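Read through the structure below, which is laid out as structure tokens, and then see the notes.
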Amino acid sequence: MKFTVLYGTESGNSEFIAQDLVDHLAGEGFDAELGDLQSTDPSSIDAATGPYLIVCSTHGEGELPHTAIPFLAALEEQAPDLSGVRYAMFGLGDTFYAETYSQGSEIIDRKLTELGAQRVGDYGRHDASSIDDGTELALAWVPGVIAELQAQPA
Amino acid sequence: MSETADREPRIVVVGAGPSGCFVAGALRRALPAAQLLVVDRLPCPFGLVRYGVAADHQSTKNITRQFDRIFTKERVDFAGNVRVTASPEPGAVSLDELAERADAIVLATGLAADRPLGIPGDTLDGVFGSGAITRALNTHPDADTAGMLDRLGDHVAIVGMGNVAIDLVRFLAKTPADFAGSDVNDAALAAYQAAPATKITVLSRSAIAHAKCDAQMVRELGQIAGLRVEIEGAGSVDAEALDDRVQRSRVEALRALAEQAQDPRPRVTLRLVFGATPVRVLGEERVAGLRVQRAGAPATEPTTTDIAATSVLSAIGFAADEHSPLADASDVGGRVRPGLYRVGWCRRGPNGTIPDNRADAVAVAAEVVADLERGQLGRGPLDPAMPLLPAAIAADAVSYSDWLQIDQHECATAAESRSRTKLPTRAQMLDVARAGTSGA
């Protein structure tokens with residue numbers, strides 16, 4: 001199985017977690033490629049290059065990080081048919097921002113689902129106000145995603 | 001990288017605050033084999049994350065986990081206790097000396113001085129800069145804690161309403177118990193709490209919709225017990241009618257705060273005044289108040305109002321101080337000349353949060369890499385075996401593993417209900433760093 005790990009980041013934390021996921025997947029014997037949502041064209045998203053793991057933070061008042069906004073705009077404009085595409089989400093946020101906690105990633109999640117893609121596994125979350133390490137949580141989260149992908153071959 | 005290169009590029013970043021760390025990380029990703037060194041004049045890294053971010057905002061300080069990684073896992077070197085100067089000085093390394101050893105120098109020295117109010121009376125006793133207060137609360141080795149926090153008096157006026165001003169409000173209005181889990185300087189906190197203010201007035205030159213603070217910073221004030229909030233000069237601005245989402249959130253948060261924080265017998269009364277421009281600090285030797293020009297005052301009324309105050313805190317931004325190797329900050333590209341770059345606040349002025357500086361650092365790193373690829377940087381004459389720092393400077397430098405000794409010490413010796421207790425002087429930091437090195 002080949003994974004594409006995409007990140008949307010403002011402060012860089014998502015990028016590091018995404019890199020750690022790529023390293024972990026490679027260590028488990030999977031093909032895994034890292035990509036920045038900033039330089040990802042939605043037309044490249046298809047079932048053959050997935051499944052996708054998307055690590056995305058939240059900015060300001062529950063918005064996407066700036067680096068992910070062009071990707072969302074392109075998704076909305078191109079509105080590709082993403083039937084058959086499988087993805088998992090790992091959202092970053094800060095419960096200090098109680099009302100908008102971790103909402104950035106949900107914007108991408110809603111759009112992908114709306115275009116026909118299927119989310120697998122639990123919705124991963126990291127809270128910057130906690131003492132948890134983002135990478136540790138992501139590495140604890142990803143085996144469940146892999147198990148579900150393997151249980152339901154595309 | 002050009003195929004004619006006979007060795008890997010060598011780059012020194014001056015300043016280990018967020019911009020310096022971000023630019024080093026971005027350079028590492030673009031140049032996996034380059035020799036990268038981040039130096040800082042203090043024995044410790046992280047700049048404003050350690051000494052500027054409010055002591056009660058520990059989650060914001062968690063960004064250091066990311067920076068820790070570039071030094072421990074990505075082969076970026078750190079050398080603290082290294083002063084870089086514009087012209088040669090004893091005990092310091094000059095930019096010219098560095099340029100003989102490195103292909104590129106990136107200045108990430110920030111803006112360390114408080115921007116003065118620039119109005120008559122702004123040097124009166126009792127006028128303090130937000131940076132000076134913040135450094136005292138954050139145990140900065142250059143902080144002058146004496147004679148400041150114990151003399152703020154009963155009515156503190158804050159000029160400016162950005163996030164730094166709101167940080168000051170939290171410090172002034174919170175009770176000592178509210179600092180649990182922080183790394184606030186306990187001596188500074190105790191000095192203030194001996195006679196804390198009961199009135200705080202914050203002046204924003206801007207209208208309510210354009211105030212500089214973030215909505216979340218305003219909402220957080222609602223958690224402080226015993227607070228009464230009054231809003232003045234906001235006019236009848238209707239949040240619903242604002243198109244800009246950030247402005248709408250801010251106005252909604254301010255109105256909600258004023259509605260919610262209405263303790264009938266308040267411990268602290270907070271007045272937030274909009275459209276108010278200070279024109280003079282009043283008083284003979286010591287601050288007695290502020291004269292303020294009010295926007296939109298009826299023509300029949302005087303255009304200025306006098307506000308009583310026992311001290312005035314300026315929170316209107318920062319400027320270069322005398323230690324900056326390059327003084328002027330203006331919003332130009334990162335390249336000062338091929339081989340010398342600047343990033344973050346010392347490039348574009350004191351605006352933007354920590355994440356904003358990441359975007360800036362990525363852009364400036366790309367400029368450095370582009371110059372390297374075009375062969376614009378003198379990579380020929382440098383001896384690949386020459387260290388990036390002169391031996392005398394390197395001998396007194398603090399490495400990243402030395403810093404980890406300081407870090408561990410501060411966390412291990414944290415006072416009760418503190419996340420850490422910072423070592424207050426350079427000498428103490430150096431002692432702990434060296435004890436760790438020699439005691440192996």
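Since every read-out is calculated from the coordinates, none of them should be taken as a lab result. Just so we're clear, the structure is a prediction, and the values are computed from it rather than from any experiment. Glycine gets a Cβ as well: all are built from the backbone with ideal geometry, and neighbour counts include every protein chain shown.
Between A:ILE131 and B:ARG7, the FRET efficiency estimated from the beta carbon spacing at R0 = 35 angstrom works out to 0.25.
Quick one: grab the alpha carbon gyration tensor of the protein assembly as shown, order the square roots of its eigenvalues as a ≥ b ≥ c, and give me rounded if a/c is under 1.5, else prolate or oblate depending on whether a/b is larger than b/c. Could you put the intermediate results ahead of the total?
Working: a/c = 1.77, a/b = 1.22, b/c = 1.46.
Since a/c reaches 1.5 but b/c is at least a/b, the shape of the protein assembly as shown is classed as oblate.
Only residues of segment A:5-43 count here: report those whose backbone N is under 12 Å from the spot 7 Å along Cα→Cβ of A:ALA74, or say none. Hits in segment A:5-43 for A:ALA74 at 12 Å: A:36-43. The distance separating the Cα centre of segment A:1-75 from that of segment B:70-147 comes to 36 Å.
Mind pulling up the Rg/Rh value for segment A:2-151? Radius of gyration and Kirkwood radius, both on Cα. Walk me through the numbers on the way to the answer.
Working: Rg = 14.1 Å, Rh = 15.1 Å.
Expressed as Rg/Rh, it is 0.93.
Neighbours of B:ARG135, meaning other residues whose beta-carbon lies under 13 angstrom from its beta-carbon, give a summed charge of -3 when Lys and Arg score +1 and Asp and Glu score -1. Looking at segment A:2-151, the DSSP beta bridges with both ends there are about 5 percent antiparallel.
Note the full-extension length gain between B:CYS411 and B:ALA363 as 0.36 nm times their separation in residues minus their Cα-Cα distance, in nm to one decimal.
Extending this stretch completely gives an extra 13.8 nm.
Among the GluC sites (Glu not before Pro) within segment B:263-370, those in coil by DSSP and having at most 10 neighbouring Cβ atoms inside 10 Å are B:GLU284, B:GLU285, B:GLU322. Rounded, prolate or oblate for chain B? Axes are the square roots of the Cα gyration tensor eigenvalues, ordered a ≥ b ≥ c, and the cut-off for rounded is a/c under 1.5. Since a/c reaches 1.5 and a/b is larger than b/c, the shape of chain B is classed as prolate.
Using just the helices of chain B, give the 222 nm mean residue ellipticity in deg cm²/dmol: DSSP H runs with n ≥ 4 each add -39,500 (n - 2.57), and the total is spread over all residues, rounded to 500. Write down the numbers at each step before the final one.
On the way: 15 runs with 141 residues, N = 440.
Value at 222 nm, helices only: -9000 deg cm²/dmol.
The distance between label points at A:ALA151 and B:ARG245 comes to 3.5 nm (points 7 Å beyond Cα on the Cα→Cβ vector).
In a DSSP loop and with at most 14 other Cβ atoms within 10 Å, the chymotrypsin sites (Phe, Trp or Tyr not before Pro) in segment A:1-51 are A:PHE30.
Excluding the site residues themselves, the longest part of chain B lacking any trypsin sites (Lys or Arg not before Pro) in a DSSP loop with at most 10 other Cβ atoms within 10 Å is B:74-373.
With the simple model of a label 7 Å out from the Cα in the direction of the Cβ, A:PHE96 to B:SER399 spans 3.3 nm.
Grab the protein assembly as shown and count how many Lys pairs have their alpha-carbon atoms under 20 Å apart, sequence gap of 8 or more, or different chains. All intermediate terms of the calculation are to be shown ahead of the outcome.
Numbers: B:LYS61/B:LYS73; B:LYS61/B:LYS174; B:LYS61/B:LYS422; B:LYS174/B:LYS199.
Taking the protein assembly as shown as the scope, the lysine pair count is 4.
Can you tell me how segment B:114-317 classifies by the Cα gyration tensor, rounded, prolate or oblate, using a/c under 1.5 as the rounded cut? Here segment B:114-317 falls in the oblate category.
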